[in-house]
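Novice: Pasting in a structure now, in C-alpha cells, and then I'll have a few things to ask.
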Amino acid sequence: MKRLVLIPITLFCMLFLSNIGVAQNAESPWAIAFGFSFRDFEGVPNNEFLSRGMEPVLSLGVSRYLSPSFNVELRSGFDFINITDHNQLTKITDLDLTFQYKFHNGYILPEQAWLSPYLFAGIGGNYTEINREYWNQHLPFGAGIRFFPDSRISIDFRGTYKETLSDFRDYFALDAGIIMAFGKGKLRDSDNDGVPDREDTCPKEAGVIALNGCPDIDGDGIADAQDNCPTEAGVASLMGCPEPDADADGVIDKNDECPEEAGVVRLNGCPDSDGDGIADKEDKCPDLAGVAAMEGCPADADGDGVIDSEDECPNQAGMVGLQGCPDADGDLIPDKDDKCPEEAGTRSLAGCPEITEAVQEKLDFAAQNVSFESGQSTLTFESFKVLDELVVILKQYPSYNLQAAGHTDSQGNAEKNLELSKARAKACIAYIQGEGIDGLRLSSTGYGEAQPIADNRNAAGRATNRRVEFELIPQE
C-alpha cells in the first residue's frame with residue numbers, strides 16, 4: 001500500500017508545474033483522475049466479514065467535458081484486504097458512472113476561478129469475493145471541490161454516499177486525488193467570428209478579434225455597444241461620432257482652412273475652381289488653370305507655343321503637334337513615349353526601328369548553328385563566327401537588348417537538361433559581352449526540354465530541338 005501511495009504523489013510532482021494553464025474544457029475535453037478513497041464498507045449479507053475500517057483504496061477514473069456546467073465521469077476503486085473473521089485475502093472493486101454539475105461554469109463562478117465546488121449523482125455497482133462472489137448495485141451521489149480547475153492538473157476532494165439497491169449495507173467514501181486534462185478538441189465559437197465564447201465579450205454577435213469579438217459596423221475601432229454613431233466612422237473622444245465638418249467636404253472643421261466653403265482635401269478644404277492645384281483664395285486666375293509661378297495663371301515656361309496647362313512637356317520645348325513635347329529623332333513619336341528616342345522608329349514598336357528580315361534571318365540562323373561540346377556548355381570553335389554576327393547586330397541596334405534562351409531535346413534527366421539549357425544560353429551571353437557589348441543589354445534563360453519545335457523521337461528532330469534562340473527586345 002505504501003508503494004501505491006507514492007504513485008500519485010510522484011506523478012503530481014512531475015506534471016503539475018509543467019502543465020498549468022490548460023484546463024479541461026472543449027479544447028482539452030478528457031481527463032484522468034487518480035488518488036485514494038477512504039471507505040466505511042462493513043460487509044456483505046449475513047456478516048460474512050466485518051468492517052475493514054477506513055483504510056485507503058486506490059481510486060482511478062476518467063471524465064469527459066460536456067459543457068461549461070456538466071462533466072460525465074467513470075470512476076473505480078479496488079483493493080485487496082484481510083477479512084476480519086476469515087484468514088484470507090479478498091478483493092473489493094466498485095465502479096460508478098456519474099454526472100457532475102460544476103459551479104465554475106461562467107454563471108455561478110468564473111470559468112477561470114481557482115476553485116470549483118460541484119455536485120454529482122449516477123449509478124454504480126461493486127463486487128467482492130469471499131467463499132463466493134457478491135454483486136451489488138448502488139446509487140452514488142455527493143459533492144466535491146476542485147482546486148485550480150482551470151489548469152491541466154487540479155486537486156480534487158469529494159464525499160460520496162452509495163445507497164445500495166440490494167441487501168448490502170449503504171456506505172460512505174471520501175476521495176482525495178489529482179485530475180489531469182488532456183486531448184485536443186475545438187473551442188466553442190457560437191457566432192463564428194474566430195473568438196472563442198470564453199474570450200468573447202459579445203458571444204452572440206459576430207465581431208472582430210481586436211475588439212474581443214464585438215461588432216464594429218463602421219470600422220472605426222470602437223465597438224458598436226460603446227459607439228454613439230455606430231454607422232459612421234468616428235473618434236473615441238466623441239464616443240465614436242465623427243468630428244464636425246460644416247461644409248461636408250471631407251475635411252473636419254478644425255483642419256479646414258476654408259470651413260464655410262466646400263473644397264478639396266489636398267488643399268486643406270479650400271476650393272479650386274479651375275483644378276490647377278492652386279486654391280482659389282491664392283489664384284489670380286481662379287477660372288483658368290495656371291501655374292504657381294504665375295500665381296495660378298497660364299504660362300508657357302519652355303516657350304514652345306503651347307501653354308503649360310496644355311503642354312504635356314511644359315519644361316521642354318517641343319512641337320505644337322505633339323502637345324509641346326520634343327521629338328529628337330523626328331519620327332513623330334514624343335521622346336517621353338519613345339523607347340528609342342535617338343533612332344527613328346515606328347509607333348508599333350514604341351519608337352524603335354523595325355528589325356529587318358535580314359537581321360531576323362541571322363538571329364534564326366544563330367539559333368540552329370551555335371553548337372557546344374556534347375553534353376556540355378562549352379562553345380565549339382565554329383560558334384564564334386556565328387556569335388560575332390550578333391555582336392555586329394547589337395552595335396547596329398543600340399536601343400535593343402538581346403536575350404538568349406537555351407533549349408534541349410528530351411533525352412536524359414529533365415532537371416539536368418534544364419540546367420544545361422541555362423548554362424548554354426549563359427555561355428553565349430558571356431562570349432558576346434566579352435566582345436564589348438554592355439552586360440546590362442544582355443540576359444539569358446533556359447527552358448530545358450519543355451519547348452520542343454520538332455519531334456524528339458528521331459535524331460533529326462532532337463538535333464533541331466537542341467538550340468539557343470536569340471531575341472532583340474526594345475530597351476525600357
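Novice: At 7 Å along Cα-to-Cβ for each site, give me the label-to-label distance between GLU354 and ALA292 in nm.
Specialist: Those two pseudo-labels are separated by 4.6 nm.
Novice: Placing +1 at every Lys and Arg Cβ and -1 at every Asp and Glu Cβ, with all other atoms neutral, what dipole size does region 298-411 have around its Cα centre, in debye to the nearest 20?
Specialist: Numbers: 6 positive and 24 negative charges, 129 e Å.
Magnitude of the dipole: close to 620 debye.
Novice: Sum -39500 (n - 2.57) across every DSSP H segment of at least 4 residues in the chain, then divide by the residue count to get the 222 nm mean residue ellipticity, nearest 500.
Specialist: Estimated from H runs of four or more residues: -5000 deg cm²/dmol.
Novice: Oh, and also: For helix 414-434, what angle does its Cα long axis make with the longest principal axis of the chain, in degrees from 0 to 90 and rounded to 10?
Specialist: The helix 414-434 is inclined about 30 degrees to the chain.
Novice: Starting from the exponent 0.38 and prefactor 2.2 Å, build the expected Rg for region 226-347 from its residue count and divide its actual Cα Rg by it.
Specialist: Taking N as the residue count of region 226-347, the ratio is 1.63.
Novice: Rg(Cα) of region 284-414 divided by 2.2 N^0.38 Å?
Specialist: Values: Rg = 24.5 Å, N = 131, 2.2 N^0.38 = 14.0 Å.
So the Cα radius of gyration is 1.75 times the expected 2.2 N^0.38 Å.
Novice: Between GLN368 and ALA248, with labels modelled 7 Å along Cα→Cβ, what's the label distance in nm to one decimal, could you check?
Specialist: 7.4 nm
Novice: Tell me the angle of helix 2-19 to the major Cα principal axis of the chain, expressed in degrees between 0 and 90 and rounded to the nearest ten.
Specialist: 30 degrees
Novice: Same structure, new question: What distance in nm lies between label points placed 7 Å from Cα along the C-beta direction at ASP191 and GLU476?
Specialist: 4.8 nm
Novice: Now a separate question. Multiplying the sequence separation of PHE384 and ALA121 by 0.36 nm and subtracting their Cα-Cα distance, what value in nm do you get?
Specialist: 85.1 nm
Novice: Return an integer: the convex hull volume of the alpha-carbon atoms of the chain, in Å³ per residue.
Specialist: 322 Å³
Novice: Quick one: accessible surface of THR445, probe radius 1.4 Å, all protein chains present, in square angstrom to the nearest 10.
Specialist: 40 Å²
Novice: Relative contact order for region 254-309: what percent, with Cα pairs under 8 Å and sequence separation of 6 or more?
Specialist: Taking the mean separation of contacting Cα pairs over the length of region 254-309, I get 19 percent.
Novice: Quick one, can you get me the convex hull of the C-alpha atoms of region 125-274 expressed as volume per residue in Å³?
Specialist: 196 Å³
Novice: Ignoring ligands and nucleic acids, what accessible area does MET294 show with a 1.4 Å probe (Å², nearest 10)?
Specialist: Answer for MET294: close to 100 Å² accessible.
Novice: If you line up the Cα atoms of region 214-282 on their principal axes, what length do they span on each, largest first, in Å?
Specialist: Dimensions of region 214-282 along the principal axes of its Cα atoms: 47, 17, 12 Å.
Novice: Next question, about the same structure. Suppose R0 equals 41 Å. What FRET efficiency, 1/(1 + (r/R0)^6) with r the Cβ-Cβ distance, do ALA176 and ASN255 give to the nearest 0.05?
Specialist: Once the sixth-power term is evaluated, E becomes 0.05.
Novice: Helix 381-396 versus the longest principal axis of the chain: what angle, 0 to 90°, nearest 10, using Cα atoms?
Specialist: It works out to around 70 degrees.
Novice: Round to a whole number: what % of the accessible area of the chain belongs to carbon and sulfur, probe 1.4 Å?
Specialist: 56 percent
Novice: Please give the charge dipole size of the chain, origin at the Cα centre, charges +1 on K and R Cβ atoms and -1 on D and E Cβ atoms. Round to the nearest 20 debye. Display every interim value, and only then the final one.
Specialist: Numbers: 38 positive and 82 negative charges, 1142 e Å.
The dipole magnitude comes to about 5480 debye.
Novice: How long is region 405-476 along each principal axis, judged by its Cα atoms, biggest number first, in Å?
Specialist: The Cα atoms of region 405-476 stretch 40, 21, 21 Å along their principal axes.
Novice: Ok, one more. Among 411-418, 150-157, 388-395, how do they line up from the highest to the lowest mean number of other beta-carbon atoms within 10 Å?
Specialist: Going from most to least packed, we get 150-157, 388-395, 411-418.
Novice: Need the list of aspartates and glutamates near LYS416 for cross-linking: C-alpha distance under 18 angstrom, and skip anything on the same chain fewer than eight residues off.
Specialist: GLU373, GLU449
The values are calculated or read from the model by the stated rules, or taken from the named source; none is laboratory data. Predicted model, so just to flag it, every value in this text is computed and none were measured. Reconstructed Cβ throughout: ideal geometry from the backbone, glycine too, with neighbour counts over all protein chains shown. SASA here: full protein model, heavy atoms, side chains in, ligands and nucleic acids out. Shrake-Rupley method; radii C 1.70, N 1.55, O 1.52, S 1.80 Å.
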